[in-house]
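Below you'll find the structure, written out as structure tokens, and then a few comments.
The values are calculated or read from the model by the stated rules, or taken from the named source; none is laboratory data. Computed from a predicted model, the values in this text were never measured in an experiment. Because the Cβ atoms are built from the backbone with ideal geometry, glycine has one as well, and the counts that use them run over all protein chains shown.
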Amino acid sequence: MATLTYRDALNQALREEMQRDQNVFLMGEEVGVYQGAYKVSRGLLEEFGPKRIVDTPIAELGFAGIGVGAAMGGLRPVIEFMTWNFAVLAMDQIVNSAAKMLYMSGGQINLPIVFRGPNGAALQLASQHSQAWESWVSHIPGLKVVAPATPADAKGLLKSAIRDNNPVIVLEGEMLYNLKGDVPDGEHLVPIGKAEIKREGRDVTLVCHSKTLAVATKAAEMLAEQDLSAEVLDLRSLRPLDEAAILDSVRKTNRAVVVEEGWPHAGIGAQIVDLIQRDAFDDLDAPVQRITQADVPMPYNKHLERAAKASPEKVVAAARRVLYLE
Amino acid sequence: MTATARSAKQNASSPKEKELHLKMLREMLLIRRFEEKAAEAYALGKIGGFCHLYIGQEAVAVGALAALRDDDYVICSYREHGQALVKGISPNAVMAELFGKATGCSKGKGGSMHLFDAKRGFMGGHGIVGGHIPLAAGLAFASKYQGNDKVCVCFFGEAAVNIGSFHETLNMASVWKLPVIFLCENNRYGMGTAFERVAAVTDIVEHACSYDMAAELVDGMNVLTVYDATRRAVERARNQSNPTLLEVRTYRYMGHSMSDPLHGVYRTKDEVEEQKARDPITHLADKLKDDGIIDQAGLDALDAEIHTEVEQAVKFADESPDPEPGELYTDVMVD
């Protein structure tokens with residue numbers, strides 16, 4: 001066990017998987033000579049050479065498609081997008097080629113490919129660089145989607161994603177890259193599709209993933225000061241969704257708040273609310289609340305930006321609402 | 001770059017060449033008769049959705065694939081019945097796929113636009129214009145990475161040249177020296193839009209200059225010319241790991257899809273008739289007659305044999321079962 005940043009945990013996962021299987025290669029903008037726009041690929045060019053650490057032009061659609069083609073040819077590509085805001089240019093390849101190839105070929109061509117990069121807002125990057133794409137990518141059958149919140153999960157989920165024989169979307173958090181945590185050495189695999197209770201509680205379930213784990217955890221601490229016990233459930237995977245874990249927690253607490261970075265309309269939280277009302281209706285003591293980004297493009301001004309984002313204070317207020325305390 | 005319209009030698013003589021020319025004639029006739037039957041089946045409601053026929057363009061698939069090894073990759077747009085047949089997928093399996101049957105080459109889940117046979121290196125028909133061009137470069141990337149010498153031929157229409165993925169891919173294929181052949185079938189119209197109405201540069205081969213890539217302009221109504229040009233491109237790909245852009249000028253006799261009338265409002269009947277006078281099958285058949293390789297009786301017998309084969313494919317497709325209802329939920333993910 002070592003203490004690593006989220007960035008270095010991802011780096012370790014890439015390094016170990018590339019050492020383990022020479023069909024694994026990394027392709028993307030600035031991954032090689034520059035050592036990664038966010039330094040996730042630091043040192044990999046030196047270790048694995050330009051054949052396996054491939055710098056691309058700024059051409060997301062093209063290199064995402066080349067990655068899909070390489071997977072069709074038997075390789076295991078890891079495609080890095082500098083951010084998911086740019087991956088939207090490659091959505092045709094992710095949706096129309098990667099997600100559908102197995103089905104439309106009648107089961108002949110599976111694609112072991114990973115599309116990864118930072119997702120969601122950082123600080124004052126304004127509207128085009130501050131978007132959370134999980135509801136877009138989670139909508140598509142044929143894709144798996146993971147969104148790790150801790151260094152250990154970042155390593156374990158990326159390793160599982162690279163070994164998966166299906167296309168996997170890995171949503172990283174730019175604001176998480178410097179987050180430190182204990183990371184198991186070597187063979188540490190986090191199964192895709194398994195949520196984790198990050199903090200046990202009795203009174204209300206806070207459902208979160210990726211950066212909103214920190215928001216929910218802080219909210220749980222604030223609630224504890226009010227003698228309220230919040231359970232923090234980190235989804236980790238958004239597709240497949242660990243429905244059993246969500247239902248188990250709600251059946252215990254009878255109340256839930258879903259916290260996400262995306263916009264409210266047709267967001268991940270809407271899917272979770274659908275699940276809870278369908279399968280845990282009789283266990284609910286209050287309507288489920290959602291905390292999301294404000295339903296506007298992200299503003300640049302830091303006060304407006306803060307107002308737009310999910311915050312511990314908003315989560316505490318929502319938790320108090322489902323507890324009928326306000 | 002060399003951009004030359006080169007005629008093939010017109011004096012085939014060796015037994016090997018004779019055999020090749022007869023094979024080409026057979027394959028072109030198979031595509032023609034297959035597509036005619038597909039049109040009939042479509043009219044009868046046996047085939048649904050979009051169905052894009054290849055009639056008129058047979059020389060392109062046949063000439064190009066004759067230059068390939070069996071283990072080379074072929075990847076296509078949605079007008080790919082011809083390439084699928086020539087790559088060796090049986091007429092039964094292709095027709096059954098058009099009929100949406102369980103015995104189809106994609107188990108009835110792909111249809112006319114998504115024919116696949118990965119074991120034969122037929123990597124699909126793809127339905128988004130230009131979307132498969134980067135996939136072709138990716139397959140070539142895999143060949144080079146794995147150190148095998150398989151090449152990949154990517155068929156696409158001229159309308160795909162206006163889309164970004166074409167330019168992004170040609171650039172990367174050239175920078176990385178990938179063993180891929182971009183074979184543009186210029187049949188003049190993207191649906192109903194004449195290429196010159198929407199393209200600033202109408203000689204597609206010229207785009208190769210922007211990407212420092214070898215290119216040739218090829219007469220797509222002459223199967224031997226297509227074969228020769230593709231052979232040169234395969235040589236560049238296999239032995240030098242260099243990509244090529246081929247602009248192959250051809251013509252589709254039918255509408256864009258089955259819902260489009262034969263000549264429509266965007267071209268004249270006279271134009272279609274004029275092009276039919278350059279028919280690639282007639283052209284090769286006449287040459288083989290001149291060379292004494294086949295006579296009219298032999299040609300008629302070949303045609304009759306192919307007719308029977310295609311009729312049997314229709315019968316096979318018609319009598320094949322639909323996919324089991326449970327197939328709806330299979331092939332979304334592998335374990």
*Inside segment B:102-119, can you point out the residues that are among the charged types (D, E, K, R) and either over 17 Å from B:Lys46 (Cα atoms) or surrounded by fewer than 22 Cβ atoms within 10 Å (Cβ to Cβ) (or both)?*
B:Asp117, B:Lys119
*Kindly state which strands (runs of 3 or more DSSP E) lie completely within segment A:191-310 and contain at least 3 residues that are of a type in the set (A, V, I, L, M, F, W, C).*
A:204-208, A:230-234, A:256-259
*Is it true that some residue in segment A:292-299 is in contact (Cβ under 8 Å) with a residue 24 or more places away in the chain and either hydroxyl-bearing (Ser, Thr, Tyr) or not assigned by TED's automatic domain parsing to the domain that holds A:Glu243 (or both)?*
yes
_Tally of residues being within 25 Å of B:Gln57 (Cα to Cα) and free of Cβ contacts under 8 Å to residues at least 24 places away in the same chain across segment B:163-213_ = 5
*Would you mind finding the one in B:Ala159, B:Ala93 that is within 11 Å of chain A (Cβ to nearest Cβ), aliphatic (A, V, I, L, M) and in a helix (DSSP H, G or I)?*
B:Ala93
*Can you name the residue in segment A:255-269 that is without any contact (Cβ under 8 Å) to a residue 60 or more places away in the chain and aliphatic (A, V, I, L, M) and, of all such residues, is farthest from A:Ser130 (Cα to Cα)?*
A:Val258
*Out of (1) within 18 Å of the chain's Cα centre (by Cα); (2) closer than 22 Å to A:Val31 by Cα, the odd one out for A:Lys144 is which?*
(2)
*Which of the residues spanning segment A:125-160 are away from chain B (no Cβ under 14 Å) and among the charged types (D, E, K, R)?*
A:Glu134, A:Asp153, A:Lys155, A:Lys159
*Give the residue that is farthest from A:Gly142 (Cα to Cα), with candidates limited to residues of segment A:72-108 that are surrounded by fewer than 21 Cβ atoms within 10 Å (Cβ to Cβ) and among the β-branched types (Val, Ile, Thr).*
A:Val88
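Per-residue answers, yes or no, for (1) surrounded by 11 or more Cβ atoms within 10 Å (Cβ to Cβ); (2) away from chain A (no Cβ under 14 Å); (3) among the small types (Gly, Ala, Ser):
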| site | (1), (2), (3) |
| --- | --- |
| B:Asp286 | yes, yes, no |
| B:Gly292 | no, yes, yes |
| B:Gly298 | yes, yes, yes |
| B:Thr330 | yes, no, no |
_When the residues of segment B:131-156 are narrowed to those that are buried (at least 24 other Cβ atoms within 10 Å of the Cβ) and more than 9 Å from chain A (Cβ to nearest Cβ), which ends up farthest from B:Gln57 (Cα to Cα)?_
B:Val151
_Residue ID - surrounded by the most Cβ atoms within 10 Å (Cβ to Cβ), chosen from residues in segment A:226-254 that are of a type in the set (Gly, Ala, Ser) and in contact (Cβ under 8 Å) with a residue 60 or more places away in the chain_ = A:Ala230
*A:Ile192 vs. criteria crowded, with 20+ Cβ neighbours inside 10 Å and among the β-branched types (Val, Ile, Thr)*: yes
